[in-house]
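Comments concern the structure below.
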Amino acid sequence: MRLVFYREDEIDKVWDDLSPEFDRVVKKAVHGEYTTEDLYRLAKEGRIHVAAAREPDGSLIMALAFEFLYYPSGATGCNVLAMAGRDMMHSMGKLFADFQHFCKLAGANWIECSVSPGMERMHRRFGFRTIYRNLRLEV
């Protein structure tokens, strides 16, 4: 099992497999920030990146969408927008070091994400720590 990172010109070849996973994230964990169609468009434009892990038989294990954020201080963060798949704890255990390595090679100083309390507990097992608490008030 390994992560494969797709270029903009490869998105159409894999989107039919990845979009149902991203649909699940958008329906369950996204609160209006973006849609699955937005992820597709942004990936095609090269504004976000998409990766996937598969079983040896080709079946999808995990889909991942992320972006690099460039902060005024000169730091770079990798913001995970969507992560979905089967047996996330096991998948993270197998794939997270590869993702960290990719991010480091790309110049990222850290990986960040906005997650539910349940996902926060899982991410803590991989060294994540809470930096901010996001609050929202509809206007």
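Taking every residue in the stretch 43-72 that is buried (at least 19 other Cβ atoms within 10 Å of the Cβ) and pairing it with any residue that is modelled with pLDDT of 95 or more and in a loop (DSSP other than H, G, I, E, B), at least 6 positions away or on another chain, the pairs with Cβ-Cβ distances below 8 Å are Ala65/Ile48; Phe66/Ile48.
Tell me, which residue of the stretch 73-89 that is out of contact with any strand residue (DSSP E or B) (no Cβ under 7 Å at 6 or more places or on another chain) and farther than 19 Å from Ile131 by Cα is most open to solvent (accessible area, probe 1.4 Å)? Ranking the candidates gives Asp87 first.
With respect to the conditions (1) open to solvent by less than 20 Å² (accessible area, probe 1.4 Å); (2) modelled with pLDDT under 95; (3) more than 20 Å from Met119 (Cα to Cα), Met92 falls short on a single one, namely (3). The single condition among (1) open to solvent by 80 Å² or more (accessible area, probe 1.4 Å); (2) closer than 19 Å to Glu8 by Cα; (3) assigned to a loop (DSSP other than H, G, I, E, B) that Tyr34 does not meet is (1). Scanning the stretch 5-19 for any residue that is within 21 Å of Ser114 (Cα to Cα) and free of Cβ contacts under 8 Å to residues at least 24 places away in the same chain turns up at least one such residue.
The values are calculated or read from the model by the stated rules, or taken from the named source; none is laboratory data. Please read all numbers here as calculations on a predicted model, not as lab measurements. All Cβ positions, even for glycine, are placed from backbone atoms using ideal geometry, and neighbour counts span all protein chains on display. In case anyone asks, the SASA skips ligands and DNA or RNA and just uses the protein heavy atoms, side chains included. Shrake-Rupley method; radii C 1.70, N 1.55, O 1.52, S 1.80 Å.
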